[in-house]
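Notes follow once the structure below has been shown.
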Amino acid sequence: MSLHSALLSRIGIKTREPIHFKDLGDILRAFSRTVPFENFRILNKTSGRLDQASLVSKLVSGQEGGVCYELNSLLYYFFIESGMNAAIVPGTVYHHGNGAWSLSGTHAAVIAEADEGAYLLDGGFGINVAQTPIPMSGETVQTDTGQFRVANKPTAEGTHLLEMKLAHEEAGVWKTGYAFNAEKSLRLSDLHSMQQKIQEHPGSPFNKDPLAAKRTATGFITLTKDSFTVTSGTKSEKQAISETEFVEIAEREFGLKTGPFL
């Protein structure tokens, strides 16, 4: 089975050939509600390679999730197989709690070109995925996640910014999601270096505690080692959980086996 057919089957979409630009919103939305953002293999020290075959084995056949360089690399391979001109580009997430950039160069996103222009596509930004292509032209797009736009504002971390107004935040102000470098295309060796940095660097946000998250039809769900949160619109219900409940929720809500890290 081709990646095209296998991925669409994984996310519950009937095979479409060829894939058109207008299909990408449906695909990104279904991807965000099916393939979780999670770091279990990082904690278990069992991360695999990032080539197409390895990612299909983990994310499609194995029904697991992953972090940005896994999720967006799989989408990149899918876009390329579908005949699109695409590249994986590096970025740095802005940490609003700290008021500073997170670990430099550890986010991966995709830029794809269509007849309509160039677009930022991201299926690996946790619960903050736009679920639709975002025009590089700066035009604002709106989905049930919120409003998103690309700003041509060079910083030390990249050539552009992803800016967003998130639907679950009542303030409704534009804020920076991440900076990215639209002029640099990442190779497989670069992605493996990013993976190693996320796995080993003391400043990495993903090598300490477990996290799983995915979008839903009305919001999103988030699982940490101590809590399970269900968010619908601007309302969230957070419950404290035990280790046993963590294992049960990981499998029931995300389809994930935890492994030995607990």
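Tell me the helices (runs of 4 or more DSSP H) entirely within region 32-118 that contain at least 1 residues that are touching a helix residue (DSSP H, G or I) at 6+ places or on another chain (Cβ under 7 Å), of a type in the set (D, E, K, R) and more than 20 Å from P205 (Cα to Cα).
Numbers: elements: 40-44, 52-55, 68-81.
Correct list: 68-81.
Note on region 7-31: among residues that are without any contact (Cβ under 8 Å) to a residue 60 or more places away in the chain and in a loop (DSSP other than H, G, I, E, B), the one that is surrounded by the most Cβ atoms within 10 Å (Cβ to Cβ) is I11. What is the residue count in region 130-144 for residues that are of a type in the set (V, I, T) and assigned to a loop (DSSP other than H, G, I, E, B)? Number satisfying all stated conditions: 2. Out of the residues in region 60-89 that are touching a Lys or Arg at 6+ places or on another chain (Cβ under 8 Å) and surrounded by fewer than 24 Cβ atoms within 10 Å (Cβ to Cβ), state the one that is nearest to F37 (Cα to Cα). Only one residue fits best here, namely E64.
For Q239, all conditions in the list (1) in contact (Cβ under 8 Å) with a residue 60 or more places away in the chain; (2) part of a strand (DSSP E or B) hold save one; what is the number of the exception? Unmet for Q239, out of (1) in contact (Cβ under 8 Å) with a residue 60 or more places away in the chain; (2) part of a strand (DSSP E or B): (1).
Only one of the numbered conditions (1) among the polar types (S, T, N, Q); (2) loosely packed, with under 12 Cβ neighbours inside 10 Å; (3) touching a Lys or Arg at 6+ places or on another chain (Cβ under 9 Å) is not met by T218, and that is (3).
When we screen E163, E183, E200, E169 for residues that are at pLDDT below 95 and not hydrophobic (A, V, I, L, M, F, W, C), the only hit is E169. Just give me the residues in region 149-207 being surrounded by 14 or more Cβ atoms within 10 Å (Cβ to Cβ), hydrophobic (A, V, I, L, M, F, W, C) and within 30 Å of Q52 (Cβ to Cβ), in sequence order. Matches in region 149-207: V150, L161, L162, M164, A179, F180, A182, L186, L191, M194, I198, F206. Only one of the listed residues (A171, A182) is under 15 Å from D122 (Cα atoms), assigned to a loop (DSSP other than H, G, I, E, B) and over 16 Å from the mean Cα position of the chain (by Cα). That residue is A182. The set of residues from region 66-113 being closer than 13 Å to F125 by Cα and hydroxyl-bearing (S, T, Y) comprises Y69, S73, T92, Y94, T106.
Go over the candidates T244, T229 one by one and state the one that is closer than 24 Å to T143 by Cα and either assigned to a helix (DSSP H, G or I) or free of Cβ contacts under 8 Å to residues at least 24 places away in the same chain (or both).
Numbers: T244 fails: closer than 24 Å to T143 by Cα.
Testing whether each residue is closer than 24 Å to T143 by Cα and either assigned to a helix (DSSP H, G or I) or free of Cβ contacts under 8 Å to residues at least 24 places away in the same chain (or both) leaves just T229.
Got a sec? Which of K14, K58 is among the charged types (D, E, K, R) and over 17 Å from the mean Cα position of the chain (by Cα)?
Among K14, K58, only K14 is among the charged types (D, E, K, R) and over 17 Å from the mean Cα position of the chain (by Cα).
The values are calculated or read from the model by the stated rules, or taken from the named source; none is laboratory data. Worth saying up front: this structure is predicted, and the values here are computed from it rather than measured. So basically every Cβ, Gly included, is an ideal-geometry build from the backbone, and we count neighbours across all protein chains shown.
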